[in-house]
Structure formats: structure tokens, C-alpha cells
Amino acid sequence: MGGGLLKPLPRAFFDRPSHVVAPELLGRVLVHGPVSLRLTEVEAYGGPGEDPAAHTYRGKTPRNAVMFGPPGHLYVYFTYGMHYCANLVCLPEEHGSAVLLRAGEIVEGLPLARERRVKASDRDLARGPARLAVALGLHREHNGLDAIRDFSGNGTLAVLEGEPADPARVRSGPRTGISVAKETPWRFWIDGDPTVSPYKAHVPRRRSAAATSVGDAPSS
């Protein structure tokens, strides 16, 4: 990536409502270690008592505590007993809001991403939130990383300025795979980009633990 792309976004960028931050994340470059991707699809989730589809709707818990911390931190959660999904926290502390990172194009570290996502085509390496987490090597232990301060110059974790998506190509629509607040148009994507995941309406399924929350039905 060129030098102009290597500047991390400031904390103030994330200190705003998630549905405002989300479309402006499109085209930005998310770095974790040697792998980087250009974000092509994201999904916003609101705060306690505001958004029934969000993990924070009923308040602070051990699971969602990072979402109530400073903006710009990474919130990683485990879902369906098999998937990790990654989010970026928005708004000031105690507001409990975040943007789910749904899909992207691998722009650096392609060989490692391919090793992590064996048999996937390059288009599908990070095409869905669970796939994105696997391609970037994100797991439970990365929950709480600071995307502003944990960037050491060698790509530990950061969201770089990149080249913001052309507003004319940004689309919005219902969020994917959630059972409540289905019509809230807080899913944002770059129109025509092949790495954007297909829209999936919620399909009820039997689960061991009830939860309706930030991307609990990832495209994986």
C-alpha cells in the first residue's frame, strides 16, 4: 500500500453513531498482522434500549463489555458455537454501539489468508463476517484490541484511511439474518463489488442458547 494509505483513522472517527460511521468505513483498510483487507460491506448496531438486534440492547454484560468501552476498539464475539465475528466500537464510553465487519477484499497477505481459508476462492476469502474473521486471524483473544493505539507500524491492528468508497456506489438495506428490527436499513455495501456477501433473511433455527444480536447469522 502506498504511504498515503497507511495513516490510521483517528479515534474521533469512531466517536459517532454507528450508522454514520458504517458507510464511511467502506473502502478503508483493516489490518491485522500481515493480512489487510479493504472493507466492502458493514452493518451498524445501536445502543441499549434502542436497537433490539444489538448485543447491548438489554445492557452491559461480561460478553458485550467491550462495546461499552472507548470507541475504536475491536469487539469479537463467538456465535453458533463455531464462528467469530468482529466489530468496531462506536460512540463514547458506556453507549454500547458498534459496526459489524461483514466483508472485504484481501489486499495484503493473500498467501496467509488462503492458508486460513483453504479451498476458498479469492473473492470468498472474506465474503461474510465469519470468513472475514478467519482470513484476518481474529479470535476471542483479540476482543478489546485498540485499533488506534495497537498499530505499531508493522500492522498489529489498525483501520487505515485507504480510499473511501465513492458515495455514488454506496448502498444500504436491511441487515442480514436477524430476527428483530429487520427493516432497519443499516447494512451498507459497495454496489457491484464481488466480495459483498449475499443478503440472507432470518431463518429460525434451533439453538442451545437464545440470542438475537449483532450478526448472529453470519454468512460463512
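Here are some notes:
- Pairwise Lys count, the chain - Cα closer than 29 Å, eight or more residues apart or different chains: 4
- Dipole of the stretch 1-157, positive direction: furthest Cα of 147, 101, 125, with charges on the beta-carbon: 125
- Inter-centroid distance (Cα atoms) of the stretch 128-190 relative to the stretch 15-48, Å: 4 Å
- Accessible area of the chain belonging to carbon and sulfur atoms, whole % at 1.4 Å probe: 54 percent
- Residues whose placed amide H lies under 5 Å from that of residue 35, excluding near-sequence neighbours: none
- Solvent-accessible surface of the stretch 59-200, averaged per residue with a 1.4 angstrom probe and all protein chains in place: 44 square angstrom.
- Per residue Cα convex hull volume in Å³ - calculated over the stretch 36-125: 109 Å³
- Based on DSSP H segments of at least four residues, each scored -39500 (n - 2.57), the chain has a per-residue ellipticity at 222 nm of -3000 deg cm²/dmol.
- Total charge dipole magnitude, the chain, about the Cα centre, Cβ charges on Lys, Arg, Asp, Glu only, Debye to nearest 20: 780 debye
The values are calculated or read from the model by the stated rules, or taken from the named source; none is laboratory data. In this text the structure is predicted, and so the values were computed from the model without any measurement. Counting neighbours? That spans all protein chains shown, and the Cβs are built from the backbone with ideal geometry, glycine included. What goes into the accessible areas is simple: the full protein's heavy atoms, side chains included, and nothing from ligands, DNA or RNA. Shrake-Rupley method; radii C 1.70, N 1.55, O 1.52, S 1.80 Å.
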